[in-house]
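Notes to accompany the following structure.
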Amino acid sequence: MAQKISAVDSRSPAARAGLRPGDELLSIGGEPVIDFLDYQALTAERRVELVVRREGQIKNLSIRKGEYDPLGLEFERPMMSGMRLCCNKCLFCFVDQLPGHVRPSMRVKDDDWRMSLMMGNYVTLTNVSDRELDRMIARHASPLYISVHAVDPELRSHILGQERGRRLLDQLKHLSDGGVEFHTQAVLCPGINDGPALEETIETLANIPGTLSLALVPVGLTGHREGLSPLRTYTRDEARAVIEIANRWREKLLNERGTRFVFPSDEFYLQAGMALPEDEEYEDYGQIDDGVGLLRLLDAEFHAAWEELPEADRRADGPKRTFICACGVSAAAFLQDLFARHPLTGIEMRVIPVKNRFFGESVTVSGLITGGDLTDRLKDESGEVVFITECMLRSEGDRFLDDMTLDEAQRILGRPIIPVGRSGNDLLCALRGYAQGLCP
């Protein structure tokens with residue numbers, strides 16, 4: 001596979017060897033370069049043997065450099081290959097539940113193990129061949145994040161709508177035997193893959209050495225499910241039953257493996273109306289990007305930062321400036337309690353939950369609030385500035401999921417909207433920084 005070079009760092013080993021933009025990289029060390037992971041792995045040597053093509057002529061180059069020094073090349077395709085797309089038809093696929101007017105980029109279904117390695121995206125492995133599994137082992141692709149949902153082959157293939165889902169256990173054991181570790185998740189649907197099926201999933205995964213953890217996430221359903229599988233959300237009692245199963249295994253596996261292994265997401269505790277586990281029970285917060293421990297870590301970090309403030313900055317009395325914290329419905333009570341326990345001199349925090357009319361009111365997480373819903377909810381509310389989680393915006397930080405820009409939302413509300421990082425220190429710094437000019 002030829003990889004066309006688009007740029008060469010003028011001070012790099014590649015430039016000293018005479019490589020130029022427009023050259024095509026054919027192989028490194030005798031191996032074809034499939035993607036950027038191959039490129040990074042094969043160039044992490046002191047001596048790198050390249051085969052390139054220039055204007056139809058084949059050239060062999062030998063380059064000496066520091067062992068982990070970059071070669072200095074950029075390529076026409078940054079990933080050096082196309083995105084691996086999803087071949088499943090999951091019962092609960094969120095993309096299938098999107099309203100018709102979302103931007104096209106939201107409809108892309110990726111299932112790319114390379115993004116799992118780099119970004120922590122969850123993948124199903126149904127589009128991965130045995131040969132590709134061997135390449136993952138050869139490239140030490142660890143840790144990965146793998147969507148399991150159920151270990152029973154028939155049940156998993158039913159959930160994924162894909163017969164290749166039956167191969168999972170063989171794939172996981174092969175990766176584990178090759179030294180690859182992985183976090184796993186199960187998106188749980190009431191009456192489908194919880195109960196005995198969940199018990200089997202936990203026990204089986206806990207006996208595969210490469211499995212680091214299992215996150216339990218309740219199914220997320222929008223108001224746009226016409227023609228899709230009949231699913232429903234968890235009742236409070238059903239959510240409690242899931243947590244009871246998890247707690248039984250957490251205690252057992254902590255004694256046997258030294259880790260609690262099973263981590264229900266924050267959303268499960270909120271749906272169950274149960275207190276979140278304490279900070280130490282989340283161990284290293286290895287599943288935080290799956291919504292496991294986000295609220296507890298926010299609380300712990302906010303509390304630690306608040307305690308370091310001078311006592312004069314932690315008073316509940318006196319004149320105050322009113323700020324709004326806008327969030328999803330599920331997190332509102334938690335945030336109200338957080339601010340009530342941590343008064344800040346001169347600041348009154350109003351926590352305002354925003355119902356999700358864009359996706360449907362069953363969607364209660366903060367990260368899926370759109371600009372339209374935010375502005376509609378807050379237009380008549382008092383408060384001189386609005387704080388939101390940065391998760392409401394795309395990675396560039398300028399646009400909500402409904403394509404409303406941050407600037408447009410601020411113009412509609414006539415006041416600043418401040419995106420805040422997800423750490424407790426970020427939140428405290430933003431509040432005090434805006435009120436007192438202490439932080440940028």
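The values are calculated or read from the model by the stated rules, or taken from the named source; none is laboratory data. Bear in mind the structure is a predicted one, so any value in this text is a computation, not a measurement. Because the Cβ atoms are built from the backbone with ideal geometry, glycine has one as well, and the counts that use them run over all protein chains shown. Side chains are part of the model used for accessible areas, which takes the heavy atoms of the whole protein and leaves out ligands, DNA and RNA. Shrake-Rupley method; radii C 1.70, N 1.55, O 1.52, S 1.80 Å.
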Checklist outcome for this item: Among strands (runs of 3 or more DSSP E) completely within region 1-65, the ones holding 2 or more residues that are at pLDDT 95 or above, crowded, with 18+ Cβ neighbours inside 10 Å and not acidic (Asp, Glu) are 3-8, 24-28, 47-54
Checklist entry - Taking the condition among the hydrophobic types (A, V, I, L, M, F, W, C), surrounded by fewer than 21 Cβ atoms within 10 Å (Cβ to Cβ) and farther than 30 Å from residue 357 by Cα, does residue 208 pass? => result yes
Checklist outcome for this item: When region 60-82 is checked residue by residue, the ones that are in contact with a helix residue (DSSP H, G or I) (Cβ under 8 Å, 6 or more places away or on another chain) and either aliphatic (A, V, I, L, M) or under 19 Å from residue 147 (Cα atoms) (or both) are 63, 71, 73, 79, 80
Item to check | One residue from 79, 106, 83 being surrounded by fewer than 18 Cβ atoms within 10 Å (Cβ to Cβ), over 18 Å from the mean Cα position of the chain (by Cα) and among the hydrophobic types (A, V, I, L, M, F, W, C) | outcome: 79
Next on the checklist: Pairs please, first residue from region 212-227 and assigned to a loop (DSSP other than H, G, I, E, B), second anywhere and small (Gly, Ala, Ser), Cβ atoms under 6 Å, 6+ apart in sequence or on different chains.
Outcome noted: 221/362; 222/360; 223/360
Next on the checklist: Given the options 312, 316, 332, 340, name the one that is within 20 Å of residue 266 (Cα to Cα), free of Cβ contacts under 8 Å to residues at least 60 places away in the same chain and not hydroxyl-bearing (Ser, Thr, Tyr).
Outcome noted: 332
Next on the checklist: If a residue must be among the basic types (Lys, Arg) and open to solvent by 50 Å² or more (accessible area, probe 1.4 Å), how many such residues does region 396-419 contain?
Outcome noted: 2
Item to check | Tabulated pairs, region 363-383, first closer than 16 Å to residue 404 by Cβ, second part of a helix (DSSP H, G or I) and among the β-branched types (Val, Ile, Thr), C-beta under 7 angstrom, 6+ apart or interchain | outcome: 375/412; 379/412
Checklist entry - Are any residues in region 165-211 assigned to a loop (DSSP other than H, G, I, E, B) and farther than 15 Å from residue 141 by Cα, and if so, which ones? => result 189, 190, 191, 192, 193, 194, 207, 208, 209
Item to check | Any helices (runs of 4 or more DSSP H) falling wholly within region 283-387 and containing at least 3 residues that are of a type outside the set (S, T, N, Q) and touching a strand residue (DSSP E or B) at 6+ places or on another chain (Cβ under 9 Å) | outcome: 332-341, 371-378
Checklist entry - With respect to residue 141, is the statement that it is under 22 Å from the mean Cα position of the chain (by Cα), closer than 16 Å to residue 37 by Cα, small (Gly, Ala, Ser) and open to solvent by less than 10 Å² (accessible area, probe 1.4 Å) true? => result yes
Item to check | Filtered residue count, region 109-126, keeping only those that are at negative phi, open to solvent by less than 10 Å² (accessible area, probe 1.4 Å) and aliphatic (A, V, I, L, M) | outcome: 1
Next on the checklist: Cβ-Cβ under 8 Å, sequence separation 6+ or interchain: first residue in region 408-426 and hydroxyl-bearing (Ser, Thr, Tyr), partner open to solvent by less than 70 Å² (accessible area, probe 1.4 Å). Which pairs?
Outcome noted: 423/297; 423/298; 423/301
Item to check | Of all residues in region 306-331 being touching a helix residue (DSSP H, G or I) at 6+ places or on another chain (Cβ under 9 Å) and within 15 Å of residue 386 (Cα to Cα), the one that is most open to solvent (accessible area, probe 1.4 Å) | outcome: 321
